Ligand code: 5GP
């Protein structure tokens, strides 16, 4: 029996380091993968279709939305972002730890559909460090940075909805902390999976030998 994987939602303001953390975890573990989400925003320098995002036009997005292809979607900075249903189901079914890097509204929607999903919020240590990181990325103009800061303030208010908070004061420590959370959570589910197998009578050695064994 393949055990179902763990779904981990990672959120945090732009510049929090959430993508760097996700990328590092994926690069260092065969069992951790990322569900690529769709967006209508233009690719930033270096971003690749199918790897960073499924980039699509507003029309394509709207068609997919009408066809029920997204588990959740959100409008963010005048663009649409959505989590494709098919990919997520498939990856979890394979027993993988699936990272979903999405915003706070998306996290709430996912938790409703997947109550066992673990949600992790990544936060820079101070507001000024957040501003600094956003400005030094050089991918956005002053107006966009201001908008992202306003969005960050809204997102930070939602921290208490999350299961775990990781402060990214030092990127290596933040990666280790997130890895530790995923490790604990996946063991927990593993236990759940084993109990399911026990109930199904798959522990052959115990058949007829154990008073608690289900008939
Ligand atoms: P960015 O434009 O910086 O790549 O992403 C903007 C925000 O949208 C980030 O918080 C990112 O995590 C989030 N995001 C990316 N994909 C999705 C998605 O499929 N659904 C939702 N709700 N948010 C997403």
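Summary of computed values
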{"item": "Flag if residue 20 is in contact (Cβ under 8 Å) with a residue 24 or more places away in the chain, closer than 14 Å to residue 96 by Cα and in contact with a helix residue (DSSP H, G or I) (Cβ under 8 Å, 6 or more places away or on another chain)", "result": "no"}
{"item": "Pick from the range 43-52, criterion within 11 Å of the ligand (Cβ to nearest atom) and at pLDDT below 95, ranking: farthest from the chain's Cα centre (by Cα)", "result": "44"}
{"item": "Criterion: outside any helix (DSSP H, G or I) and either surrounded by 19 or more Cβ atoms within 10 Å (Cβ to Cβ) or in contact (Cβ under 8 Å) with a residue 60 or more places away in the chain (or both) - qualifying residue of 165, 100", "result": "100"}
{"item": "Lone qualifier among 20, 33 - being outside any helix (DSSP H, G or I), surrounded by fewer than 20 Cβ atoms within 10 Å (Cβ to Cβ) and more than 10 Å from the ligand (Cβ to nearest atom)", "result": "33"}
{"item": "The lone exception for residue 83 - which of (1) within 13 Å of the ligand (Cβ to nearest atom); (2) modelled with pLDDT under 95; (3) under 13 Å from the mean Cα position of the chain (by Cα) it fails", "result": "(2)"}
{"item": "Condition check for residue 120: assigned to a helix (DSSP H, G or I) and at pLDDT 85 or above", "result": "no"}
{"item": "Residues within the range 4-16 that are touching a strand residue (DSSP E or B) at 6+ places or on another chain (Cβ under 7 Å), under 24 Å from residue 145 (Cα atoms) and modelled with pLDDT under 95, tallied", "result": "1"}
{"item": "Every residue from the range 4-14 that is within 9 Å of the ligand (Cβ to nearest atom) and assigned to a loop (DSSP other than H, G, I, E, B)", "result": "12, 13, 14"}
{"item": "Residue in the range 66-73 that is under 26 Å from residue 174 (Cα atoms) and within 9 Å of the ligand (Cβ to nearest atom) present", "result": "no"}
{"item": "Selection count where residues are in a loop (DSSP other than H, G, I, E, B) and surrounded by 13 or more Cβ atoms within 10 Å (Cβ to Cβ), scope the range 36-73", "result": "8"}
{"item": "Residue that is more than 11 Å from the ligand (Cβ to nearest atom), in contact with a strand residue (DSSP E or B) (Cβ under 9 Å, 6 or more places away or on another chain) and part of a helix (DSSP H, G or I), where the choices are 91, 149", "result": "91"}
{"item": "The listed residue being touching a residue at least 24 places away in the same chain (Cβ under 8 Å), surrounded by 13 or more Cβ atoms within 10 Å (Cβ to Cβ) and more than 20 Å from residue 10 (Cβ to Cβ), out of 152, 174, 144", "result": "144"}
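The values are calculated or read from the model by the stated rules, or taken from the named source; none is laboratory data. Since the structure is predicted, the reported quantities are computational estimates derived from the model, not experimental observations. A quick note on method: Cβ atoms are made from the backbone with ideal geometry, for glycine too, and the neighbour counts reach across all protein chains shown.
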